[in-house]
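First comes the structure, then the notes that go with it.
The values are calculated or read from the model by the stated rules, or taken from the named source; none is laboratory data. Note that this is a predicted model, so its numbers are computed, not measured. FYI the Cβ positions are ideal-geometry reconstructions off the backbone, even for glycines, and counts take in every protein chain you see. Only protein heavy atoms, including side chains, enter the accessible area calculation; ligands, DNA and RNA are left aside. Shrake-Rupley method; radii C 1.70, N 1.55, O 1.52, S 1.80 Å.
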Amino acid sequence: MKILWKLIMWVVVVFVVLVLARNVVVKAAVEGGVRAVTGMPLNIRKLDLNLSKTFVDVENLVVKNPAGFHDTVLVDIPKILVDYNFSDILRGKVHLENLEFDMEQFTVVKNEKGELNLDRLRALQGTQETSVQAPKPEPKAPAKPMPIQIDMMRLKIGKVVYVDYSGGSPSTKEFSINLDQSFENITDLNSVVRLIVLKAMMSSGISNLVNFDIGSLEGSLTGAFNTSTKLAAQVAAKSLDTLKTAAGDPNAIADQAGNVFKNTAGTVENTAKEVTSNVKNAASSLKNKLKLPF
């Protein structure tokens with residue numbers, strides 16, 4: 001009986017220690033993951049892991065730029081919410097059913113040497129051709145990454161700031177973009193970082209100021225879809241099927257066509273700005289590569 005009692009007490013003690021230490025352990029894991037894909041120093045003020053409701057609440061995550069960029073901040077994220085699948089994690093797969101970034105500021109910095117802070121991001125290595133040779137990150141022993149699945153990611157960015165030190169004194173430009181978009185089916189952490197950079201650069205237009213290759217970055221993304229764009233395609237396909245069904249009646253075709261435009265108007269309007277930005281950035285990139293005179 002005494003042995004059984006001692007065993008129970010040990011189990012209780014271990015459980016209490018694990019519960020009390022869970023935030024510390026998860027905080028270290030999050031910091032390690034962010035450093036792995038950014039290669040930059042960061043700080044998290046608060047992290048709370050809820051086991052019963054399977055969510056993680058991260059507050060005031062700040063990623064700083066490396067040395068040589070005037071002690072500036074790359075991203076300032078007051079709030080991150082994560083809804084995880086506990087059973088899949090126990091099986092060895094990081095399954096996040098929902099991931100929400102509420103980002104206050106994204107900062108692009110060009111230093112006196114003409115280097116961009118974005119060129120130092122590990123997740124962007126190989127997606128850009130830089131005019132200035134930036135220091136390469138220290139090589140690390142290859143490790144097999146744990147499988148990851150993010151069902152839905154919501155990204156909110158308040159403003160993007162561009163600070164240019166290449167002219168001597170700093171020149172600052174600020175762009176309020178108020179981005180709020182959702183993406184689904186993300187299968188690696190590099191794509192998370194690339195999506196954030198892509199949307200910040202596209203929505204602010206800074207890519208044209210610093211000759212940032214939007215096309216190559218977008219082409220490096222795997223398995224991530226903008227849900228608003230996907231919705232537009234689904235609505236259009238469904239409406240087309242309806243029109244084909246009604247093809248025997250000219251009046252029905254006219255009525256259904258009206259419904260198509262009505263149903264897709266809101267979705268198309270939501271994505272129109274992004275499509276226009278994509279075209280402008282692609283044209284600018286092509287112009288720079290071909291060195292056209294206009």
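State the number of residues belonging to region 12-22 that are open to solvent by less than 90 Å² (accessible area, probe 1.4 Å) and either outside any helix (DSSP H, G or I) or at pLDDT below 60 (or both). Write out each step before concluding.
The initial filter retains those residues of region 12-22 that are open to solvent by less than 90 Å² (accessible area, probe 1.4 Å), namely 12-14, 16-17, 19, 21-22.
Adding the requirement that they be either outside any helix (DSSP H, G or I) or at pLDDT below 60 (or both) leaves 12-14, 16-17, 19, 21.
Selection size over region 12-22: 7.
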task = Could you please find all residues in region 169-203 being more than 10 Å from ALA123 (Cβ to Cβ) and either β-branched (Val, Ile, Thr) or in a loop (DSSP other than H, G, I, E, B) (or both)?
result = SER169, PRO170, THR172, ILE177, ILE186, THR187
ask   = Does any residue of region 188-200 turn out to be more than 20 Å from GLY158 (Cα to Cα), open to solvent by 40 Å² or more (accessible area, probe 1.4 Å) and either at pLDDT 95 or above or among the hydrophobic types (A, V, I, L, M, F, W, C) (or both)?
value = yes
note = Restricted to region 84-97 and to residues being crowded, with 16+ Cβ neighbours inside 10 Å and at pLDDT 90 or above, the residue farthest from GLY158 (Cα to Cα) is ASN85
message = Go through (1) farther than 30 Å from GLY92 by Cβ; (2) modelled with pLDDT under 95 for ASP164 and report which single condition fails.
response = (2)
request  = Select from region 52-66 the residues that are open to solvent by 60 Å² or more (accessible area, probe 1.4 Å) and under 13 Å from GLU31 (Cβ atoms) and list them in ascending order.
outcome  = LYS64
ask   = Pairs, please: C-beta under 7 Å, at least 6 apart or cross-chain, first residue within 17 Å of LEU189 (Cα to Cα) and in region 31-56, second in a loop (DSSP other than H, G, I, E, B) and not charged (D, E, K, R)?
value = THR38/LEU121; GLY39/LEU121; GLY39/PRO137; MET40/ASN65; MET40/PRO66
key: Residues located in region 73-83, provided they are open to solvent by 20 Å² or more (accessible area, probe 1.4 Å) and within 27 Å of SER166 (Cβ to Cβ)   = VAL73, ASP76
inquiry  = Quick test for you: out of GLU100, GLU112, pick the one residue that is part of a loop (DSSP other than H, G, I, E, B) and either within 16 Å of VAL26 (Cβ to Cβ) or open to solvent by 50 Å² or more (accessible area, probe 1.4 Å) (or both).
reply    = GLU112
inquiry  = Name the single residue that is modelled with the highest pLDDT among those in region 123-144 being surrounded by fewer than 16 Cβ atoms within 10 Å (Cβ to Cβ) and closer than 18 Å to GLU218 by Cα.
reply    = GLN125
request  = Could you please tell me which pairs satisfy a Cβ distance under 6 Å, a separation of 6+ or placement on different chains, a first residue in region 153-175 that is farther than 13 Å from LEU209 by Cβ, and a second residue that is not in a strand (DSSP E or B)?
outcome  = ILE157/ALA200; TYR165/ASN111; TYR165/GLU112
